[in-house]
Structures are given as C-alpha cells and as structure tokens.
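Worksheet: one structure, shown below.
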Amino acid sequence: MAKKSWFLPAILGIVAIALPPFLGGYFQHILILVMMWVAMATGWNLLGGYCGQASLGSAAFFGLGAYGAGMLYLHWGISPWWGVIAGPLLAIVVAIPIGLVTFRLRGGYFVLSMLAVCETIRIIFLNWVEMSAGPLGIVIERTWGMEKLPYYYMVLAIAALSLYVVYRLMKSKFGYYFVSIREDQDAAEGLGIPSTKYKMYALIPCAGIIGLAGAFYMNYMAFIEPNTVFPLIISATMILSVMLGGPGTFWGPALGATIFVLLSELLRAFAGPVIGTIHYLIFALILVLVIMFLPNGIAGEGDKIKRLFRGKKPVYVGGE
Amino acid sequence: MALFGQTIICGFLMGGVYAVIAIGMTLILGVMKIINIGHGHLMMVAMYVCFALFTSLGLHPYIAMFVAMPCLFGIGYLLQRYSIHRVRFVDTILPQTQVLLTLAIGLVFVEIIRVIFKSDFRSVYTPFSSKCLYIGDMSISLPQLISFGIAMAFVAGLHILLTRTDFGRSIRATAQDLDAAKYMGVDALRVSSLTFGLGMALAAAGGALLLPIFYLFPDIGVPFTIKALIITILGGAGSTVGALSGGLVFGMAESLGAVYWAPGYKDVVGFVIFLLVLLFMPGGLKTVIKR
Amino acid sequence: MLKVNNIDVYYGDVQALWDISFEVKEGEIVALLGSNGAGKTTTLNTISGLLRPRKGNIEFLGQELTKLPAHKMASLGIAHVPEARKLFPEMTVKENLLMGSLMPEAKARREESMERVFTIFPILKERAWQAAGTLSGGESQMLAVGRGIMACPKLMMMDEPSLGLAPFLVDEEFKVIERINREGITILLVEQNVAHALKACTRAYVLEIGRITLQGKGEKLLHDKHIEEAYLGI
Amino acid sequence: MKKVKLGLLLGLVVVLVAAFALPGCAPEVAPPEEEEEEEVPTGPIKIGINFPLTGAKANFGTMDWLSIQLAYAKFGVEEVGGRPIRFVIEDNRGDPATAKSAFEKLATLDEADVVLGGYTSSCGVVQAAAANDLKVPFLICNSSKDAITMEGWEWVFSGARVPASHYGDNMWPMIDEVLMPGGVSKVALFYEMTDWGTSSAEALRANFEARGIELVYDEPYDSDAIDLKPMLAAVKAAKPDMIMAVSYLMDASLIARQAGELRLNVLCFMGQAGGYTMPEFVVNAGENANYILTTALWSPFAPWEGELAGVKWTNQEYYEGYLGSYGAEPDYHGAQGFAQWMICLDALLRIDAAGETINRETIREALTETKLMTTMGLIEHKDWCDDMGHCYTNQGLPVTYVTQWQNLVQEWVWPVEAKSADYIFPVPKWEER
C-alpha cells in the first residue's frame, strides 16, 4: 500500500473512460458486461471475501434490483432508470430480514440457506403473476437504441461506486470488524464485536451494489423474467469471479470478473467455431483447476499481501 | 378422501426414492462435512450409464444399477482422493472453497455428458413403467413400489454397515473427531475417499430407481441436489434413519403442497422446511427420533 | 524405546518447540511436565504425526517416525490418549472401545482386551450402551484410557489425564496409570499436575516455553528448588 | 494513506463526471459506421445464426440449425446477385445475456445482413430488441412470446413462429361444434410455468369463459416436477369433463403416463401443441398417448407444398429429408427453422429480381412484403390486432389444427376438410383400453 498504489487505478480509470468510444459496438457490449460483473463481484466480495459469509444466493439481490426497476415500469409506467434507486432499495429491504435469519447459521449451512432463500424468491416471482408478471417477464423500451456509450458510462460509474464503497468501508473500523468476524467469529464476539450486526453492515452495501447492477441489467437488456435474473448460475458466476481474482482482496474480484467474462466470451465466440460444442466444457475444466490450484485467486496467491490484515490473523502458539 | 389417500401414497412412494438419493448425501455431508453440490449431477451420470446399458444391451435399470453403482463408486473415490480432499485443508480465505469445487466439478460432468449424449431428453419407458395396483379409487404405481422396496433395502444395508462393522464405525468416528480417529489408526483419506465413493454409489442407485419413472437430460441434477440437501438437513446429517424419515416427510410435504396449496409453490414448502429446521432444530429429525 | 532427537516444530511461521530431545525406555513412566502453553501437547502431536518437525527426528523401536502418516502410529504400537478426551461422542461406550482395536493384532485380542478394560473400569461395563457424549468427566477419562488399552499398545501417550477431574478421582487415575504400567505398557505422560506426576513417574522432563529446562528422576525433581517455586507453590 | 484516498476520490469524480457528461457528446466521438451509400457490396451475403447449440436447450436450437441447413441444400441457392451466401454461426447457450453478446457480434463484427435465431422466449425478446436497436433484420424461429412482435419493432419479423396466445386458434371451432354438444362443460386447465404456458393459458382461459365453460381447476405447475401425480389427483378430484394441458415435451409424457396410472377419466384430453405434438412424446408416453387430442402447428402430413427458387417442395419431403439426413424425427421447431430459411431466401431472391442491392434495409423492406407458402403453411407478414387487444407488427399467422394420437400415430382430425382420420370423442375410459 505504498504511493504507487493510486497510479495503476488512475491509469485503468483513464483507459476505461477514454478507450470505449473508439471500439465497435460488440466490444462496447462486452465491456458493459465486464463492468457489470466487476460491480457485482466487488459487492459480493464485501460480504463473502472480507466478512467471510460466502453466499450462494446473491442472485436474489440481482433479481430484486432488476425487478425493483422493472416493476416501476410494469405497475406505474415510471421510467426504469428510477430503478437505480428503487432496485437497490428493494434489494436492501428484502436483504435485511434475510440476513437476520440466515446469519444465525455458519459456514456451509449459511451457503445453503442463502441458496434456499434465493430459490424461494425465484419461485415467488414466478408464481405471483399480479406482482411481477410471473414468467411473462417485463419488457421495457430502451432509452438509447444503437448507442452503447451512455450505458457503458453508467455501468462504469456503478463499478467505480462499488469499488469506492468497498474501499472506504474496508479503510474504516468496519473493515477491521469484518475481517475479524471472518477470521474467528467466536473470538470476535469475545472481543465484543456483535457479529450479526456487523454482518448486516456488510450485507446491506453488498445487496445494494448487486441490486444496482440488477437495475442496470433491466435497463440495458430491456427484458427480465425470474429464470434469467434469479438462477443459481448468476450467484455462482459472482463467486467464481471472486475466486478467480482473489477473495478478500481489493482488486481481485474486479480482475476476476474481467477475466471471467472475457474468457467465457473468448471461448464461446472465437474458439467456439474451432473447437465446437466443447467450449463450455473447457471453461468448466478451467474453473475446476483454478479452484484446486489457486484457491485464493490470482491476486490472493500472486502477491504477499495475502490478507489485508495479516497481523490480525490468529496465530497458535505453544500448546493449544 | 380418495384425494387425500392418493396424495399420501404419492408422497410416500416418492419419498422412498428421495431417501436413497439423500442417503448418499447424508453420508457425505454428515460424515465428511462436505457439501456436495455436484451430487445430483453425479446421479445424472449414473442415470446415463443405466440408459446406455438399456439402449445397447436392453438391461432394465434395476439390473443396470449394479453396473452404475461401481462406476460411480470409482468416480467418487477418485474425485475425493485427488480433487476435493486436496482443497479441504488448504489455507484459504473462503472456507467454502470445497462447496464451489463440487459445483464446478458438477458443471464439468454435465458438459461431458452433453458432449457424449447431447441435450436430448431420454427416457427408459417400458410398459411395466405404468403398471399400477388399485385400491378402490387410489392407484399405487408398481415400479415406484418396487423402487421403494429397493430403497428400504439400501437404507437397511447402510445402517448395518455403519453400526455393525469396523469400516462403518471408522466412517462415523472420522466424522465425529478426525484427530482421534487418526490416533486410532484410521487412514482418514482412505476412509473419506471410500465414503465419498459409497455416497456416490448410493446416488447412482437412486438415479437408477428414478429412471423408469422419470426422464433424463444432462441438466437434471440441480433439483435433486437441492432435494437431497433439504432431506439431509431435515433428517439430521449423518443419520440413515434420519435420511429415511426426512425423505418420507419431504415427499409427503411436496405432495400435500402440490394438492392443497399450488403445484407451482410446491418447492417453496421444501425450502421453508429447510430453513426452519436449520434454525430451530439443527440436529434434524434424528434428534426427535432418538428421544 | 522412543527417542526424540533435537526437534524444532512450527505452527505456520511461529516456532513452538526448540530443540527438544528426550527418551522413553521400555517399562518406564516418563512424565513431560510444564505449565499451560509450554508445548507439551505439541510434542505429543508431533510424535503422533499430526505435526511435522522442521528439524530433528523421532525414533520408535529403531524406526523413523517423522516420515510416517499419523494413522500408521497405531499399527506400530503407539496409543495416544488425547487431551480433552476426544471420544466419539455419538457412538456408544462399547463402540468407542471397539474403535480402539482396529489394528489386526489388537483386533485378534478384542474380546480379551474388552474384559480387561471392564475389570479395570467396572463402571464402563454398566454404561456399555450409553452414548459416550453423555458420560461424566471421570467416566469419559476412563473410557479414553480404556480405548487406549484396547489397542494393546507398547507405548501409551497420555495427555493430561487428570485435567478437570475431582481430587479423589485424580488419585484413582494415577493408580490406574501405575497399574497399566505394571501390566507391561510403557507410558509417556503429559501433566500439569506436577506433584502427582512426579510421584508416579520414573523420570521426568520439564518444558518451559517450548524448551526442555530440567530433567531427571521423578523423586529427585520433586525436591528441586525451581520446581518447588514454579509448580508446587512451596 | 491520505494521498491514496485523494487519488481515489479524484478518480471517482472524473469517472462520475465522465459518466454523465460523455453520453451527451458521444455521437460525435463515435465514428459513424455506415458506409457510403453508392458503394455496391461485393462480399458474401452474411446470414447470422443465433441459436442455443450447447447448453440445456441445445436439442431444439440444433434442430433449427439443421433444418435451416437442410432447406439451404434443398433449394440449392448458393449465391444471390453474384454474391455467395455465407452462414455465420453463434451459439448463445440459451442465456439471454449471451444471446445479446452473440447478436452484437453478428451485427457489428461479422456485419451480418440478416439474422435467424430465437429459441427460448427470453433469448428471442433480447435478440429482437437488439435487432431493432442495431437495425438488422431478424427472423424469429421459435420464441413464442407474444410481446416480441407487440413492441412495434420494425426490424423484427415473426416468420413462421406463432404467438403463444394463438397456439390453439383452430381448436375453438372444434370445441363449439363437437366437444360442447358432446357434453363438455367443465374444464381443468393446467400449464407449465413459462412465458409460453402462461400466455397460452391467458388466451385459453378467456376463450373458455367466453363460451360459458367452467374452469374447475386452473393452476400453473413447475415443469421440472418429478411427480405430477399429486396435481393430477387434484385435477381428478375436481371432476372435469375435459383437460386442457399446456406442457412441454417431458412433462407432457409424464402427465400422459401418470394420468393413465391414476385412471383420470375425462371426455377428452386436449394438449396445447408443445410436448403433445412431438415425436418423442409417443416414445416416452407409450400407449398412454392414445386418444390424446392436441392442437398442432405442424405435423408431417400437413398438405403444404409449393415452389421456391424453381424447386418444388412438399411438407412431407422436409420430414423425410430430416429423418433421412439426421436419423431423427423433426417437430414443429424444425419445420419453423426450415420455413424461416424459405422466407429469408424468398426475400433475397425478390430483392435481386427487383434489381436492388442486397443490404439490411432492402432485406427489411422485402420481408415486410413476404407472402409465401412454407412448411408451416402460408406466411404473410402483416400488422394486425386480435380480440385480446394484442397488436402485432410483422406477424404472420400459420394455420393451426387439431390432431389426435391414434394407435401411436398422430392423425389430423380437425378441420375435417384436411383430415387424415376421424376424431374419436368421447375417448374410452382408461380401464377399457
């Protein structure tokens, strides 16, 4: 964390702002997806990577964000851009009771309970036709047609905002509490850190960020239905992006999401015609190998700053 | 009354098949504390083995089962020994790395099967598949009844294995205290690999029992993984009797939910049970039965 | 019988043991003493193969132990009666005992060993069908020792057998340890209860912050100035 | 640390400012992509193909693509106006975001002149929206979602696909003339919980109610369900005269089997196309398929025939051609794929005949005038509204009809003018078969 640490972000920022106008529509589209996943992976990392509450149901927040935007249009004809406020709000409002219930569970059981919660929400949105239009989904009118740049800068702002939120949180005392809960919840509670409360403090921005990405998805894709915004694969993609980049690192999730989106698109669109239908098999195999051999991701394994608060890692000395 | 009776029968018979699938899960989750999200996917692989034997040699799935089980046992053994076990004790930030690994392994198996068998729907339909017994207005599906019988045999067999043999006791001991089991001379890696294999073989049995009454495509696994997880948690991880009772209760709940609530919300019943059990009865049904 | 030669042990990057060496001869009761955190359990876990020394080696009956996996120790004849009992709580008393005799030799003498355990600890026979998790502290300790006996070991390593026991049970415990020793099992005893241990043992080593600071015959150490001040509170 | 914070804050401000300032000036920044009007393109005519070729939906996407290839070979037209026809294939895995990526690539990187695609509703609608934005003519093959052609998207053409709420159009005369006089007054409706199922159900519900038929059971179900018996038991308890089921392939088979097991006796069991018309249905449902009536968009013996590019064709030829080439029976999805290539080729030929340059704009214009006999019947792109208040753009309406499984063969029973067998109504009880 020396002086040069702002240098790279600044260059990346300048490239991210200045480059896209010179790219074709297809590449702009891919970059939009990249930024969307950067925001989502960064959001997930706050709860999963820093606070240690890996959730396999974060697609719930994505879907709620998307529906927060979509339902505005569906019921009241309000522009889904207001979903940028309504989406995260809905995600947070629903996340609070979810968190209060599921944070009582630990480790694997927390993972599973979030999966169950997400599936339940999906089924409710699918069946409750009056509320969400059910499987008919919501189709909206897109604001900008062929033009991708407005969408791109919008999602770039969302990604930057999520990075900024996470950065500020992790620099504050919250960050310290999050990491101590991850490292040893009992010890953290012993030190007087109310774990459920601080998990909620991690969950709320996490749900908000992912919900914001969801609201953007609604506006950009112009169509949502429960099975496309709540599936397990979205939750899994968030986690796998973070895994790839490095959980509990600041830049890792963004890096992971970028690689994840680019790699899958590269295999599908450019290698696909050559290797045929096995492109997704190769993708899945790469995932297995990454999890097996780089369990802390590229950023996590790559450098020595393995944990942000390394000194706080509990060490065992002597007997027990 | 006929409706209620029919609902109960359907739930009960389905629950028996669920129990076999879940019993493999309870072994893996309860004994090795591994959450295997790939469970349903590996069951799917077993179903394709049975399907291939049915189309090439005409073997009925109930017979092909005895080929599929060793196959899956081998796959499970190798997976645990060379892949999942590796990750378990690696120092990672996410303790759930292993969960994600099984998820990714599941994806790989789905894609492999897809490359070999394509995404087409398959089924093993024999006239026998629709044979029924009738009690008044209620029908009992004969293949489901047979499945139920075989399921009970597996549950009983596994129960005996776990309580009456040194190997079974070693499995349970490893689950309860890994270090102490090592002091006793238990080779934990070998035991866990064999257990994983055994769990997979049981999933294979469940798949084979399911094949004549259901259908098959590469993405069939996920709902079954979820069902097996719910049942395992409901019954109490690591308990055969728990998995059996959990399976029956779950089958019944699904069936009642479809009739008296709405077919679309049926799965919510399972999830609600799952969350309630996790929160208020962490030991599952097992603890109630023991009392 | 057991020779520990100059081992250094680390937890991650933190060194826990410095240059530990000691020896246990056949038929002895050797005590490893020290206060909480001195590294006694670490030493036992290293012998058991759960931890690996970064330097030095361990020999048992002339065989190198440091390269063997933990589960091989039992087949060599080393029984580890661990700290905090480490029973299998959801298994019955009888099943716990059976778990002690997995190795072929011990398995062959299973019935006989079981009788032996039941004569030493009659209470376990009464509780045979009870889940181990429901036993009292004293009973758990008996079961842990009984499980060790079931292995028909050459060397039994006992980790804090008196921890958390009522005073009269501690006396009982040490009687049992001496009895087992008389029946031909060499014992390596790790204890915080220095007074009792020194009375019972043949020889003793004192560990302080990961180093051996004192060693000698039990009786002799009982009157050592340092021991009296630091451990016996005289 | 202070400096880092400052740097980050500054960066953020720059990003935010840029995010809101740049969209305004973006049109100037982005280089105009249109080529000069006068230049006559000489490269190949690029046909984009955007289907799920891998993933869970691959079987139907592949069937579409194979049928398009079959049609391409059948009509033998390899170049139009001196420009060779080239297919550019994109696999979308059935995932909407990927479908959009694929469409973007086809439109901008590969510069496709026209795109054929759309299997699931969610992919179809996303592709259609992209097509309209990017101004690329898009022919939807299967996606049945009503809304796809209800948004007024002028670059989107329905071709041979049928909007979900019109799958049963030709069933109503049969209900009026045969079933209702035959004693049908109570109907049990259940449908799979998808866009297609829900839209179909809406149309069916309205039409049943308009006829005074009581809906004694009306529920969606989860198409992944393993055991549909509880639902069927509830249906049985509601004592309907007729069952109206909207199901896809495998749940249709399961429902037929389990209805048989439960001896769910009704005067008639009517399926809504989908699973009940597919060749696999009879394989998986066996004897239980018999007597099941179903609305159909297509069957191998629909008497459609015609001539395109000087090549005569019949519907049966397509069926046999597919069976011969790929060793499997096609269903209506494949027929739609085949028809779609006919529509596309017809448009290309008409442009060429008029002496115009083939580009996206002329293809769009040609497609609006499509009036062509295809394997799905006569397809005519028109703008029209139905009695449910749905207004469609560029929407054809293939003829639907009613078929019945008799002795494991799907027979055309309604309208009677083109029948291949007489309908059987009421159907025998399960015990008496």
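For residue B:128, the conditions (1) within 14 Å of chain C (Cβ to nearest Cβ); (2) aromatic (Phe, Trp, Tyr); (3) surrounded by fewer than 21 Cβ atoms within 10 Å (Cβ to Cβ) all hold with the exception of (1).
Selection within the stretch A:145-172: residues that are part of a loop (DSSP other than H, G, I, E, B) and at the interface with chain D (Cβ under 7 Å from one of its Cβ atoms). The member of this set that is least open to solvent (accessible area, probe 1.4 Å) is A:145. Considering (1) assigned by TED's automatic domain parsing to the domain that holds residue C:180; (2) more than 21 Å from the chain's Cα centre (by Cα), the lone condition that residue C:134 does not fulfil carries the number (1). Looking only at residues of the stretch D:198-233 that are assigned to a helix (DSSP H, G or I) and open to solvent by 40 Å² or more (accessible area, probe 1.4 Å), we find that the one that is nearest to the other protein chains (Cβ to nearest Cβ) is D:202.
Counting only helices (runs of 4 or more DSSP H) wholly contained in the stretch B:148-263, the ones carrying 1 or more residues that are within 16 Å of the chain's Cα centre (by Cα) and small (Gly, Ala, Ser) occupy B:188-210, B:221-235, B:240-260. Of the listed requirements (1) surrounded by 19 or more Cβ atoms within 10 Å (Cβ to Cβ); (2) hydroxyl-bearing (Ser, Thr, Tyr); (3) not assigned by TED's automatic domain parsing to the domain that holds residue D:204, residue D:423 misses just one: (3). Between D:273, D:309, the distinction of being under 26 Å from the mean Cα position of the chain (by Cα), among the aliphatic types (A, V, I, L, M) and open to solvent by less than 10 Å² (accessible area, probe 1.4 Å) belongs to D:273 only.
If you go through the stretch B:98-154 and keep only what is among the β-branched types (Val, Ile, Thr) and within 23 Å of residue B:48 (Cα to Cα), you end up with B:102, B:105, B:108, B:110, B:112, B:113, B:115, B:116, B:124, B:126, B:146, B:150.
Among the numbered conditions (1) of a type in the set (Ser, Thr, Tyr); (2) within 14 Å of chain D (Cβ to nearest Cβ); (3) within 30 Å of residue B:181 (Cα to Cα), tell me where residue B:18 comes up short. If we test residue B:18 against (1) of a type in the set (Ser, Thr, Tyr); (2) within 14 Å of chain D (Cβ to nearest Cβ); (3) within 30 Å of residue B:181 (Cα to Cα), just (3) comes out false.
In the stretch A:245-273, the residues that are away from every other protein chain (no Cβ under 12 Å) and more than 10 Å from residue A:42 (Cα to Cα) reach residues that are open to solvent by less than 20 Å² (accessible area, probe 1.4 Å) and aromatic (Phe, Trp, Tyr) with C-beta atoms within less than 8 angstrom, at least six apart or across chains, in these pairs: A:263/A:283. Confirm whether residue A:142 is modelled with pLDDT under 85 and at the interface with another protein chain (Cβ under 7 Å from one of its Cβ atoms). Judged against the criteria, residue A:142 is a match. Set side by side, the residues D:342, D:373 differ, and just one is part of a helix (DSSP H, G or I), in contact with a strand residue (DSSP E or B) (Cβ under 7 Å, 6 or more places away or on another chain) and in the same structural domain as residue D:155 (by TED's automatic domain parsing), which is D:342. Residues that are within 14 Å of another protein chain (Cβ to nearest Cβ) and open to solvent by 10 Å² or more (accessible area, probe 1.4 Å) within the stretch C:10-39 comprise C:10, C:11, C:12, C:13, C:14, C:15, C:18, C:35, C:36, C:37, listed in sequence order.
Scanning the stretch C:212-231 for residues that are more than 15 Å from the chain's Cα centre (by Cα), buried (at least 20 other Cβ atoms within 10 Å of the Cβ) and within 18 Å of residue C:4 (Cβ to Cβ) turns up at least one hit.
No other residue among D:125, D:77, D:114, D:88 is more than 16 Å from the chain's Cα centre (by Cα) and open to solvent by less than 10 Å² (accessible area, probe 1.4 Å) apart from D:114. Can you say whether residue A:238 is within 30 Å of residue D:94 (Cβ to Cβ) and touching a strand residue (DSSP E or B) at 6+ places or on another chain (Cβ under 9 Å), as far as the supplied structure shows? No. Scanning for something open to solvent by 40 Å² or more (accessible area, probe 1.4 Å) and within 18 Å of the chain's Cα centre (by Cα), does the stretch C:44-60 turn up at least one residue? The answer is yes, given that some residue of the stretch C:44-60 is open to solvent by 40 Å² or more (accessible area, probe 1.4 Å) and within 18 Å of the chain's Cα centre (by Cα). Can you confirm whether residue D:321 is more than 14 Å from chain B (Cβ to nearest Cβ) and in a helix (DSSP H, G or I)? For residue D:321, the condition - more than 14 Å from chain B (Cβ to nearest Cβ) and in a helix (DSSP H, G or I) - is met. When the stretch D:176-194 is filtered for residues that are open to solvent by 10 Å² or more (accessible area, probe 1.4 Å) and either more than 14 Å from chain A (Cβ to nearest Cβ) or not in a strand (DSSP E or B) (or both), the ones remaining, listed by number, are D:176, D:177, D:178, D:180, D:181, D:182, D:183, D:185, D:186, D:193, D:194. Among the strands (runs of 3 or more DSSP E) confined to the stretch D:60-143, the ones with at least 1 residues that are of a type in the set (Gly, Ala, Ser) are located at D:114-117. Looking across the stretch B:118-140, just one residue is basic (Lys, Arg), closer than 30 Å to residue D:55 by Cβ and assigned to a loop (DSSP other than H, G, I, E, B), and that is B:118. Checking each residue of the stretch D:325-336 against the condition of being aliphatic (A, V, I, L, M), closer than 29 Å to residue D:57 by Cα and in the same structural domain as residue D:72 (by TED's automatic domain parsing) gives at least one match.
Kindly indicate whether residue D:50 is crowded, with 18+ Cβ neighbours inside 10 Å and modelled with pLDDT under 90. Taking the combined requirement at face value, the residue does not satisfy it.
Note on the stretch C:184-201: residues that are in a helix (DSSP H, G or I) and either more than 16 Å from residue C:25 (Cα to Cα) or open to solvent by less than 10 Å² (accessible area, probe 1.4 Å) (or both) total 6. Within the option set B:117, B:154, B:121, being hydrophobic (A, V, I, L, M, F, W, C) and facing chain D (nearest Cβ under 9 Å) holds for one residue only, B:121. When the stretch D:313-360 is filtered for residues that are within 17 Å of residue D:377 (Cβ to Cβ) and among the aromatic types (Phe, Trp, Tyr), the ones remaining, listed by number, are D:313, D:318, D:319, D:332, D:338, D:341.
The values are calculated or read from the model by the stated rules, or taken from the named source; none is laboratory data. No experiment lies behind these values; they were computed from the predicted model shown. No Cβ is skipped: glycine too gets one built from the backbone with ideal geometry, and neighbour counts run over all protein chains shown. Ligands, DNA and RNA are stripped out before the accessible areas are found, and what is left, the full protein with its side chains, is counted by its heavy atoms. Shrake-Rupley method; radii C 1.70, N 1.55, O 1.52, S 1.80 Å.
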